[in-house]
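The values are calculated or read from the model by the stated rules, or taken from the named source; none is laboratory data. These figures come from a predicted structure and were not determined experimentally. Heads up, the Cβs are rebuilt from the backbone with ideal geometry, glycines too, and the neighbour counts pull from every protein chain shown.
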């Protein structure tokens, strides 16, 4: 084959990307078209536990020599499959791109994608806090800054697409991927997810929303389990974060692994075409989750073979199969040639793929891959953002006055999370996700442990005993911890999760929990240390909340850090010693005694009841968090007692910091409907504002609440704003309500669409 003419329509940068893409498609063979609709994962066989059991063993082996002349759609994880020096990796990617463009007759480069959930998943790259920790910050501006840093690293290395953010709403705390969610309230998830998208894509790269839609609601909290929720829960709880992130400009969407009421998302045209494209107006690319197209045949059994799976996914709206050539390969070509698949379906997906490559500049004349280097993937600017976000997100749950630690106190440290640098990292952080398969390779970045940080922060010697591992251990280790605790004034006990994949941890993808007791013997260790009578400060480094109801009232203090990243240990030490004023708020509630899911803001029943023997009241509610310098609130006032169904309600309050050090507060606004057409949550978050106050400062916070924020899915399946009674609750958590404003929604019943207002107007003066 010879190269296409350099003056072809599709080469002209001034033309519309869609027009250019269509012109190129007209010149391509079926095999060349299909080649653009999948990735190539070089080294996947050596990836080990990065994606075990998932590949279809009946698939044909990948023959790179045969594929290159046809073109390559995507390169899968060249930095995130094994530890690769950034300079060498960038040079290798550039060389591969040159080989790809030289071999295919249209010189089309590949899109390079990587995981970016807690930063770019590459060796020596910054490990930021996990998404649940973003949620604890309640700080969209800071999350956007993090996204900007991640996007800049991607662009520097030649990476075009990142597989994040996860905008699933946490629904069952037993699910291993709760750590990847931003929280349990749709507004919080959507606001921070949209901020992350804007940050990443500001660098000219692509963010990918995961997982569309319902994945977090699997039965029993099991990964990839069937989802059997109603249409209102889907529309009013799980879908809004996707809507918000799509409005932010997200250019790619990944369908979920699960089936929704028996229909797998990867093969659901109503979901991927009817809802995502026709109703929500999405025009970007859909990329399958890894091996999910083959799963239509292999796991879901809704397709008889890989060819049928490819046809179903393609017709439903999947544009690209990841991570490597399988169903969207020779089986799909054969299906088109036999007439089993319409070539128009190939062209529809290809138009989106090529348009995106054109928008990335990959088909402009003169495009060349480069690897200038040298690369610093963990520069001071990135570490600073990681530090600020970690400090913003540490949550002080209880404190009897033991914190901050007295300078003269003899402090001992116990626990399996105290002296492990990976204790602050989620399962998609490179040192956990990939580095765990390469124990002989250094971690690649500076990560201090909590023990290291406390020994630096405290003036005297700090003794340490592990007590027990996260899983396993023996009586001797617990006895050593007890002996240490008896000999100090305060015991800092660091417990929690080991992030991992597919059963190699206690939190993370494929690491679901049967209950919410602390893993292994950690609860036994906690009880034994408490029995010494020494004040115990529990530091929880985990990917989910755990049931602490049996110990909470005996602990001197509880501090929660949801995988706060590479700067997390100094942030935790700063809170413990008082250098940092704790400012985090819970993005998910902690369960009460014996429950697996607390009765948080979205629950239909709260508190003790005669109709059930289970009390769903959370131990610590959504939005909860203490400070060393509590802010003084004034009563919130409303602009009136009536709220027009097509109007806006103004809420105003004043915060004052009477202390001699800075403070930070998160003002939360909840809606409770007293009359509605269908059952509504007891309350749901409709606005929030992170407010920083200098020493002695006084600030006024104003919310402009559009009536659209009261919309819900009515009996006819449409989003409606209805007249009737309501309460607006303003407070510091879902349970700490400072002001209740009774209002009456007045006016006509309104049907609202995808263009409705999704966020309140917020001003802080």
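Do we have any residue at all in the stretch 342-359 that's assigned to a loop (DSSP other than H, G, I, E, B) and over 30 Å from residue 122 (Cα atoms)? Yes - at least one qualifying residue is present in the stretch 342-359. Applying the set (1) farther than 27 Å from residue 570 by Cβ; (2) touching a residue at least 60 places away in the same chain (Cβ under 8 Å) to residue 467 leaves exactly one unmet item: (1).
Of all residues in the stretch 488-499, which are surrounded by fewer than 24 Cβ atoms within 10 Å (Cβ to Cβ) and out of contact with any strand residue (DSSP E or B) (no Cβ under 6 Å at 6 or more places or on another chain)?
Correct list: 489 only.
The criterion of being in the same structural domain as residue 746 (by TED's automatic domain parsing) and touching a helix residue (DSSP H, G or I) at 6+ places or on another chain (Cβ under 7 Å) holds for residue 717. Evaluation of residue 344 against the conditions (1) modelled with pLDDT of 95 or more; (2) touching a strand residue (DSSP E or B) at 6+ places or on another chain (Cβ under 9 Å) shows that the sole unmet condition is (2).
The set of residues from the stretch 285-321 being assigned to a loop (DSSP other than H, G, I, E, B) and in contact with a strand residue (DSSP E or B) (Cβ under 8 Å, 6 or more places away or on another chain) comprises 288, 289, 300, 302, 317, 318, 319. Of the residues making up the stretch 501-529, those that are surrounded by fewer than 23 Cβ atoms within 10 Å (Cβ to Cβ) and either at positive phi or not assigned by TED's automatic domain parsing to the domain that holds residue 551 (or both) number 4. Criterion applied to 467, 435 was being within 20 Å of residue 567 (Cα to Cα) and either assigned by TED's automatic domain parsing to the domain that holds residue 529 or in contact with a helix residue (DSSP H, G or I) (Cβ under 8 Å, 6 or more places away or on another chain) (or both), and the one residue passing it is 435.
Counting only residues that are out of contact with any strand residue (DSSP E or B) (no Cβ under 6 Å at 6 or more places or on another chain) and crowded, with 24+ Cβ neighbours inside 10 Å, how many does the stretch 135-148 have? Final tally of qualifying residues: 5.
Filtering 392, 348, 355 for residues that are in contact (Cβ under 8 Å) with a residue 60 or more places away in the chain and either out of contact with any helix residue (DSSP H, G or I) (no Cβ under 7 Å at 6 or more places or on another chain) or within 30 Å of residue 576 (Cβ to Cβ) (or both) leaves a single hit, 392. When restricted to residues that are over 13 Å from residue 108 (Cα atoms) and in a helix (DSSP H, G or I), the stretch 21-34 contains 5. Do we find that residue 67 is crowded, with 19+ Cβ neighbours inside 10 Å, at pLDDT 95 or above and either in a helix (DSSP H, G or I) or out of contact with any helix residue (DSSP H, G or I) (no Cβ under 6 Å at 6 or more places or on another chain) (or both) in this structure? No, not satisfied.
Given the structure, is residue 188 part of a strand (DSSP E or B), touching a strand residue (DSSP E or B) at 6+ places or on another chain (Cβ under 7 Å), buried (at least 24 other Cβ atoms within 10 Å of the Cβ) and touching a residue at least 24 places away in the same chain (Cβ under 8 Å)? It is false that residue 188 is part of a strand (DSSP E or B), touching a strand residue (DSSP E or B) at 6+ places or on another chain (Cβ under 7 Å), buried (at least 24 other Cβ atoms within 10 Å of the Cβ) and touching a residue at least 24 places away in the same chain (Cβ under 8 Å). Would you be able to say whether some residue in the stretch 157-167 is closer than 17 Å to residue 507 by Cβ and assigned to a loop (DSSP other than H, G, I, E, B)? Scanning the stretch 157-167 turns up no residue that is closer than 17 Å to residue 507 by Cβ and assigned to a loop (DSSP other than H, G, I, E, B).
Quick one: which helices (runs of 4 or more DSSP H) lie wholly within the stretch 375-480 and hold at least 1 residues that are surrounded by fewer than 20 Cβ atoms within 10 Å (Cβ to Cβ)?
Per the criteria, 380-393, 450-457.
The set of residues in the stretch 665-683 that are buried (at least 16 other Cβ atoms within 10 Å of the Cβ) and touching a helix residue (DSSP H, G or I) at 6+ places or on another chain (Cβ under 8 Å) comprises 671, 673.
To keep it simple, each residue is scored yes or no on (1) at pLDDT 95 or above; (2) closer than 19 Å to residue 177 by Cβ; (3) not in a loop (DSSP other than H, G, I, E, B).
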residue: 509; (1), (2), (3): yes, yes, no
residue: 538; (1), (2), (3): yes, no, yes
residue: 543; (1), (2), (3): yes, yes, no
residue: 548; (1), (2), (3): yes, no, no
